[in-house]
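Engineer: Structure in structure tokens, see below.
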Amino acid sequence: EAGVAQSPRYKIIEKRQSVAFWCNPISGHATLYWYQQILGQGPKLLIQFQNNGVVDDSQLPKDRFSAERLKGVDSTLKIQPAKLEDSAVYLCASLAGGSYNEQFFGPGTRLTVL
Amino acid sequence: AQSVAQPEDQVNVAEGNPLTVKCTYSVSGNPYLFWYVQYPNRGLQFLLKYITGDNLVKGSYGFEAEFNKSQTSFHLKKPSALVSDSALYFCAVRDTLGNEKLTFGTGTRLTIIP
């Protein structure tokens, strides 16, 4: 089966600009996650979707970050405006079934904010 | 709140020797425990998990992990290290009580020396 797809793989922007990342999960996976991985740290959950509904967005900086999964399949994460501290790898993951199952991760988008 | 600690940022092992990557956790209820590996410019790949049952869990690429409830540990092990095992390893935990969020450790960089 195809894995989790993400694009772009790399993005360089200047601070205060906007950026969007796209994720297409594994077919049939109802749960989708966006993580932020800062260099030297483990992934930190930003938002979790179950189909097209938000389950957990408690760690999403809502003043600048937004995410949607309108049709319950692919998802977009947006940052507007970007700050220097947003430089990180943004990982998308999907899950089939219960949370005792493993998440499948995409290759990530490496964002550099100058 | 749930948490994971990986006390070693870096582990160096000679090729052919046994390796151990340490992980301890803290949860309110019972844990679901996971190990993931990350190669350069790649997403996280699932290695193994503990949900319930046998304390010794076997996973991909010859890795195994031992769940120790009294020590709240879930150390990753392999009897004979390969150079190709060199990567970044993350331990993660999910509490069976409360929300379904997966919390990751800060990662351990494993280097296998030829």
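Engineer: Could you list all residues from the stretch A:58-84 that are surrounded by 14 or more Cβ atoms within 10 Å (Cβ to Cβ) and among the small types (Gly, Ala, Ser)?
Structural biologist: A:66, A:67, A:72, A:75, A:82
Engineer: Would you mind stating whether residue B:63 is within 11 Å of chain A (Cβ to nearest Cβ) and under 25 Å from residue A:37 (Cβ atoms)?
Structural biologist: no
Engineer: Residues of the stretch B:63-83 being without any contact (Cβ under 8 Å) to a residue 24 or more places away in the chain and closer than 18 Å to residue B:108 by Cα, which ones?
Structural biologist: B:64, B:66 - these are the residues of the stretch B:63-83 that are without any contact (Cβ under 8 Å) to a residue 24 or more places away in the chain and closer than 18 Å to residue B:108 by Cα.
Engineer: Also, quick follow-up: Anything in the stretch A:36-67 that is more than 8 Å from chain B (Cβ to nearest Cβ) and part of a strand (DSSP E or B)? List them, or say none. Show your work before the answer.
Structural biologist: Here is the first cut: in the stretch A:36-67, the ones more than 8 Å from chain B (Cβ to nearest Cβ) are A:36-39, A:46-47, A:49-54, A:57-67.
Correct list: A:36, A:37, A:46, A:47, A:49, A:50, A:53, A:54, A:65, A:66, A:67.
Engineer: Right, here's the next one. Could you please give the count of residues in the stretch A:86-114 that are in a strand (DSSP E or B) and under 19 Å from residue A:19 (Cα atoms)?
Structural biologist: 10
Engineer: While we're here: Could you list all residues from the stretch A:94-114 that are more than 8 Å from chain B (Cβ to nearest Cβ) and surrounded by 20 or more Cβ atoms within 10 Å (Cβ to Cβ)?
Structural biologist: Listed by number, the residues that qualify are A:94, A:95, A:109, A:111, A:113.
Engineer: Picking from A:71, A:83, which residue would you name as being closer than 19 Å to residue A:19 by Cα, out of contact with any strand residue (DSSP E or B) (no Cβ under 6 Å at 6 or more places or on another chain), touching a residue at least 12 places away in the same chain (Cβ under 8 Å) and more than 13 Å from chain B (Cβ to nearest Cβ)? Talk me through it step by step, then tell me what you get.
Structural biologist: Values: A:71 fails: closer than 19 Å to residue A:19 by Cα.
Result: A:83 is the single residue among A:71, A:83 that is closer than 19 Å to residue A:19 by Cα, out of contact with any strand residue (DSSP E or B) (no Cβ under 6 Å at 6 or more places or on another chain), touching a residue at least 12 places away in the same chain (Cβ under 8 Å) and more than 13 Å from chain B (Cβ to nearest Cβ).
Engineer: Does residue A:65 count as out of contact with any helix residue (DSSP H, G or I) (no Cβ under 7 Å at 6 or more places or on another chain), among the aromatic types (Phe, Trp, Tyr) and in contact (Cβ under 8 Å) with a residue 60 or more places away in the chain?
Structural biologist: So residue A:65 does not fit the description; no.
Engineer: From the residues in the stretch A:16-47 that are without any contact (Cβ under 8 Å) to a residue 24 or more places away in the chain and not polar (S, T, N, Q), which one is surrounded by the fewest Cβ atoms within 10 Å (Cβ to Cβ)?
Structural biologist: My answer is A:40.
Engineer: Before we move on, is residue B:34 under 22 Å from residue A:108 (Cα atoms), in contact with a Lys or Arg (Cβ under 7 Å, 6 or more places away or on another chain), in a strand (DSSP E or B) and within 14 Å of chain A (Cβ to nearest Cβ)?
Structural biologist: Numbers: under 22 Å from residue A:108 (Cα atoms): yes; in contact with a Lys or Arg (Cβ under 7 Å, 6 or more places away or on another chain): yes; in a strand (DSSP E or B): yes; within 14 Å of chain A (Cβ to nearest Cβ): yes.
Yes; evaluated as a whole, the condition is true for this residue.
Engineer: Same structure, new question: Kindly evaluate residue B:43 against the criterion of being within 11 Å of chain A (Cβ to nearest Cβ), free of Cβ contacts under 8 Å to residues at least 24 places away in the same chain and either on the phi > 0 side of the Ramachandran plot or not charged (D, E, K, R) (or both).
Structural biologist: yes
Bear in mind that the values in this text are calculations on the coordinates, not laboratory data. Here the structure is a predicted model, which means the values were calculated and not measured. Please note: Cβ atoms are built from the backbone with ideal geometry, for glycine as well, and neighbour counts cover all protein chains shown.
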